[in-house]
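First comes the structure, then the notes that go with it.
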Ligand SMILES: [Zn+2]
């Protein structure tokens, strides 16, 4: 009883799932419509008092704006998403990113 060891290549029939390994959620910037990974956005949350940049609650409606693109923080580009509050969101984004010791 000497069976020759048959080397079976590990071929498993299965569903083809390309890119299933590096799963990263993508979001779309409300200003420029670019798709990027979530970590590259600033999240703006709809709070009862208005849109809040980096607000406490992660529930409810949220919008995403590029964290590194000042052109996406312009009021006129935010107006499509935030309407009358676009100016307030723009100001919050700028205060979040602008260094205070600017001379
Ligand atoms: Zn953008």
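Bear in mind these aren't lab numbers, they're just calculated from the coordinates by the rules spelled out. What you see is a predicted model; the values in this text were computed from it and never measured. For neighbour counting, all protein chains shown are included, and Cβ atoms are generated from backbone atoms with ideal geometry for every residue, glycine included.
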Inset, instruction - Indicate, rounded to the nearest 5 percent, the antiparallel portion of the DSSP beta bridges found entirely in the range 27-97. - result: 90 percent
Inset, instruction - Bin all alpha-carbon pair distances of the range 27-97 at 10 Å intervals from 0 and give each bin's fraction as a whole percent. - result: 23, 61, 16
Inset, instruction - Compute the length gained on full extension between residue 43 and residue 69: take 0.36 nm times their separation in residues and subtract their Cα-Cα distance, giving the result in nm to one decimal. - result: 8.0 nm
Inset, instruction - For residue 83 paired with residue 97, estimate the spin-label separation in nm (one decimal), with each label point 7 Å from Cα along the Cα-to-Cβ line. - result: 2.5 nm
